[in-house]
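Structure first, commentary second.
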Amino acid sequence: VEFLGEHTVSYGLSYSNLDGRFDREQSYVYNGSVLSIDIICGADFENCVDGDQYFARRTITPDSDVSATINTYSGYLEDSWDFNRFNLRAGLRVTSDDYMNNTNLGPRTQLQYDIFNNNSTVLTAGYNRYYSSNLLSNKLREGRAPKYVETRYRVNNVVGEWDASTQGTKVSYKFSSLKTPYADEYMAGIDQAFLGGTIGLKYMERHKEDEFARE
């Protein structure tokens, strides 16, 4: 398109389907021991040693078999505008998925200036926003069974049975009600023609926002 220079417009649509599975076939148990020289283990030979020590607290990460699917839809529109010694690329990318259920707008901009109008020395600056695409692992984590704590005590030096404990907190995850993490990227650089090739120097800075964290 010719209007105050030359415009080249590009656009596109994309769809992706991601399937994943997390399979922990056996539970994982982490034990903590207590010294007791006069303990009586009874029938427990794996978690106790008569007259020595016994496991009084354990954290159990249960077995889990979880499958997950995420469908992602995206589209973009971009205009590359050439005007005298300038080239401005301005675009917008829209993404959405059936997991986070957010509509994310990611701008794409880049400005280039050809100092001598012969592509020998070109200055570049830009700003872009990128949204996280590593969502499948988070969805799988949501479906995993949470770890929990069990404790037991001794009565008359005889070790007791395992019981659920309130000492540990069952940690479960839910990401789908949160904002999608993203990174704002700022860039500046220079490209210089040299001995038949090009030497480039680029400075890039990224600021991550809305990252998933636990307090």
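The values are calculated or read from the model by the stated rules, or taken from the named source; none is laboratory data. A quick note: this is a predicted structure, and the numbers were derived from the prediction, not measured. Don't worry about glycine lacking a Cβ; one is built from the backbone with ideal geometry, like all the others, and counts go over all protein chains shown. Protein only, heavy atoms only, side chains kept; ligands, DNA and RNA dropped before computing areas. Shrake-Rupley method; radii C 1.70, N 1.55, O 1.52, S 1.80 Å.
Things to note:
- Filtering segment 1-45 to residues that are assigned to a loop (DSSP other than H, G, I, E, B) and β-branched (Val, Ile, Thr) leaves 1, 37, 39.
- Residue in segment 134-146 that is in a strand (DSSP E or B), modelled with pLDDT under 95 and open to solvent by less than 60 Å² (accessible area, probe 1.4 Å) present: no
- Considering 93, 58, the condition of being in a strand (DSSP E or B) and closer than 30 Å to residue 151 by Cα is satisfied by 58 alone.
- If you go through segment 61-72 and keep only what is assigned to a loop (DSSP other than H, G, I, E, B) and open to solvent by less than 30 Å² (accessible area, probe 1.4 Å), you end up with just 62.
- Which listed residue, of 176, 165, 172, is touching a helix residue (DSSP H, G or I) at 6+ places or on another chain (Cβ under 9 Å) and more than 21 Å from residue 97 (Cβ to Cβ): 172
- Listed by first and then second residue, the pairs with beta-carbon distance under 6 Å, at least 6 apart or on different chains, first residue in segment 193-215 and among the basic types (Lys, Arg), second surrounded by 10 or more Cβ atoms within 10 Å (Cβ to Cβ), are 202/189; 206/183; 206/185; 208/183.
- All conditions in (1) without any contact (Cβ under 8 Å) to a residue 60 or more places away in the chain; (2) touching a Ser or Thr at 6+ places or on another chain (Cβ under 6 Å); (3) open to solvent by 80 Å² or more (accessible area, probe 1.4 Å) hold for residue 57, with the sole exception of (1).
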